[in-house]
Structures are given as C-alpha cells and as structure tokens.
Amino acid sequence: MPHAYAGASLVSGIWSVRLMRLIIAIEAQGRKDPDKRSSWAYYLAHLYAKFRYPPVLLVVCRDKGTAEWAAEPIRIGLEKHPSLAVFPLVLGPHSVPMITDAARAADDLPMAVFSAITHSHDHDIAAILDALAEALRATDADAAAVFAEFTEAGLGATPACELWKNLMGTGLSHFRGFVAESFRDEGRAEGRVESRGEDILRILSVRGVAVPDAARQRITTCTDLAVLDVWFERAITAPTADAVFDES
C-alpha cells in the first residue's frame, strides 16, 4: 500500500469470491473531496500493478449527496478516448438498511458496519451502534477488532464516533486494536511496539494468510516502531507472510 494512505480511512485486502481472487479497497468518505478522484484512480492502478488481481473500489458515505458524487465515473485521458476509467461502487444511507438488531448484525457484520457508518447522522444511530457492539462482543476477538477499528475510522469526527469509543471502552478484553488502546496509556513506547506487532499478526490471521513460525518470531521480536508501521501497511494487502518483509 502506498505510504500516503497510512492512517487514512482506506483499507484493502485480497479476497476470494466464487473462485476468483480480487482486491477490495474500501474507503469511508465523509464529504466531497475532488482530490480523491485522482487518488482513487492511482490507488487502484497501483494495486493492480503490484498484485495483478482485479481491484474493486467500494466507497462508504455518510450522506446521499456525497454518495452521489462518489458514484460519478472517473475518466482520465482524452474526452472521447479515456486511457483509464474508474467506476466506484458506493454505499450511502439511501441504499443501506438500518440494522438495530444484534442478531441481524451478527449475521452480516460487514453490512452492520456499513449501516453504522452510513447512518451516523441518523437519530437511530445509538441503537445501530449498540447492536453492532453486542454482535462484535460475541465474535472472534481478532475479527472483531478489525471491524471495530474500521467503524471508528468511518465514523470520523462525529458525535457517533465518541459514542462508539465509549461503547468499545466497556469491553476492552474483546478489542485489542486502536479503539481499545485509546483508553490505555499510549505514552509507553514498549506497549505501542507490542501492540503494533499484534495488529500485524491479527490482520494476517483475519485475511487467512498463513504465518510461519519464523515470520511470527520476526514480527514479535522487532522493536523498531517505524519498521513495524511499514509491515503493518503491507500486511493489509500482502498475499503471503513473506511479502510483509519484501523491500522490492
């Protein structure tokens, strides 16, 4: 993943869908941003050039106006003969149901996360977040942490995000990622290093990437936070554990 996207609300991973491997890049977009159109085109081209799997861009928006803007095709090149065209898939409050039932949220966690993000300004957002939090507490901790972190990134600087942080703060044993860490003492460098190593292993595990003992030991014994941050970015899209360490 290009370094420019570190810390942004854009994540990607390699998925298998009906025997076809593809890369799904998901971005939570809170407002119209003209610069994103060229960034999305660059990012998808980068993913395809690096991994040679079909890239798909999914944009998750918090209002209908932003969703309609994000859905506009991106054509680069001559007007009548573009060299590159991007057609984002877009979710918004007009196309995603409000999921306020924990059982329903547990049945489809990705959709429950999308529901929380797209309806973050809705008066029922507290019920949506409660249902999602309850569903995540009954989910594998590693997978739950990934969903919880993306939910926070997608909610952005909204009152709903503060509510989400409070909900996550009541279940620290279930969430070991950024949401839970925000309630801990982040001033201890040793803790940050250990946590970043755990994050790398967790992402690889959730994505189904096998981690040999040698790779696991290299990650857990590394004490350089800058190096771990680079490995963390690579772990989001790396097809193998060895690719996390690839400097090419």
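Pairing each residue of the range 126-150 that is assigned by TED's automatic domain parsing to the domain that holds Ala103 with any residue that is hydroxyl-bearing (Ser, Thr, Tyr) and surrounded by fewer than 23 Cβ atoms within 10 Å (Cβ to Cβ), provided the two are 6+ apart or on different chains, yields C-beta distances under 7 Å for Ala127/Thr100; Ile128/Thr100; Ala131/Thr100; Asp142/Ser205. Flag not set for Thr223, criterion: among the polar types (S, T, N, Q), surrounded by 16 or more Cβ atoms within 10 Å (Cβ to Cβ) and at pLDDT 80 or above. Selection over the range 70-85 of residues that are closer than 30 Å to Thr158 by Cα and either of a type in the set (S, T, N, Q) or surrounded by fewer than 20 Cβ atoms within 10 Å (Cβ to Cβ) (or both) gives a count of 4. Being buried (at least 23 other Cβ atoms within 10 Å of the Cβ), among the aliphatic types (A, V, I, L, M) and modelled with pLDDT of 85 or more is the requirement here; does Leu155 meet it? Yes, satisfied. Applying the condition of being farther than 14 Å from Thr237 by Cα and among the small types (Gly, Ala, Ser) to the range 190-220 and asking which residue is modelled with the lowest pLDDT yields Gly191. Number of residues in the range 47-68 that are hydroxyl-bearing (Ser, Thr, Tyr) and surrounded by 16 or more Cβ atoms within 10 Å (Cβ to Cβ): the value is 2. Restricting attention to the range 86-104, the residues that are farther than 16 Å from Asp63 by Cβ, of a type in the set (Ser, Thr, Tyr) and surrounded by fewer than 15 Cβ atoms within 10 Å (Cβ to Cβ) add up to 0. Given the condition without any contact (Cβ under 8 Å) to a residue 12 or more places away in the chain and within 18 Å of Arg31 (Cβ to Cβ), answer yes or no: does some residue in the range 114-125 qualify? Scanning the range 114-125 turns up no residue that is without any contact (Cβ under 8 Å) to a residue 12 or more places away in the chain and within 18 Å of Arg31 (Cβ to Cβ). Being modelled with pLDDT under 85, assigned by TED's automatic domain parsing to the domain that holds Ala145 and within 16 Å of the chain's Cα centre (by Cα) is a property that Val179 has.
The values are calculated or read from the model by the stated rules, or taken from the named source; none is laboratory data. Treat the numbers as computed from the prediction; the structure is a model and nothing was measured. Glycine gets a Cβ as well: all are built from the backbone with ideal geometry, and neighbour counts include every protein chain shown.
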